[in-house]
Amino acid sequence: MPDYNDDEDFLQDEGPSKTALKRQMTELQELGETLCGLSDKVLEKIPLADEQLKAAILESRRIRSNNARRRHLQYIGKLMRNIDAEPIRAALEEMQQQRQRRNDAFHQLEQWRDDLLAQGTPGIEAILERFPTADRQQLRQLVLQHQREVKAGKPPAASRKLFRYLRELASLIDD
């Protein structure tokens, strides 16, 4: 039985455990798998300095066999151990945040459209407060057209036109 009376020996750092190392390798392999699923256009935006890693990622797209793909992903994980993965993670996170912002903006436009159609003419004032450059007459015509379509049981063409118009207004403000 070892004697732990000497604090110096007991506190000696042995580095990460085998489990921690395996977890890191698995994370790198999963990151590599994520990179393999990206399109060429998106992959160009990722800071990949290692040409061998890029080639392996592109090669993985041609592999159809499950076992061969699994082995190739392990190889990509091995290559990723030699590079700094933080810039890649940061780029992927930024892309995810941009996608989330676009989705949120889309849902906000849908909400404004739905509120406007539910409130009718009084809802136009709320839109004019948000978008001072909006055309009151066009908004009014689209709301009335939507109401006629609902009564007649027709497809919601005015609703789609209103959404496109609101998206156009929002893009003018963003620019």
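Laboratory data are not the source of any read-out in this text; all were calculated from the coordinates shown. Just so you know, these numbers come straight off a predicted model, no measurement behind them.
Summary table below
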item: Linear extension gain, Arg102 paired with Asp50, 0.36 nm per residue minus alpha-carbon span; result: 15.6 nm
item: Pairwise Cα inverse-distance average, inverted: Kirkwood Rh of the chain (Å); result: 21.4 Å
item: More than 20 Å apart - percent of Cα-Cα pairs taken over region 101-174; result: 24 percent
item: Theoretical gain in end-to-end length, Arg167 to Glu30 [0.36 nm per residue, Cα-Cα removed]; result: 45.7 nm
item: Reachable lysines from Lys151, criterion Cα separation under 27 angstrom, eight or more residues apart if same chain; result: Lys161
item: Whichever lysines have a C-alpha closer than 26 Å to that of Lys22, once near sequence neighbours (fewer than 8 apart) are set aside; result: Lys54, Lys78
item: Share of Cα-Cα pairs in region 21-104 lying beyond 18 Å, as whole percent; result: 41 percent
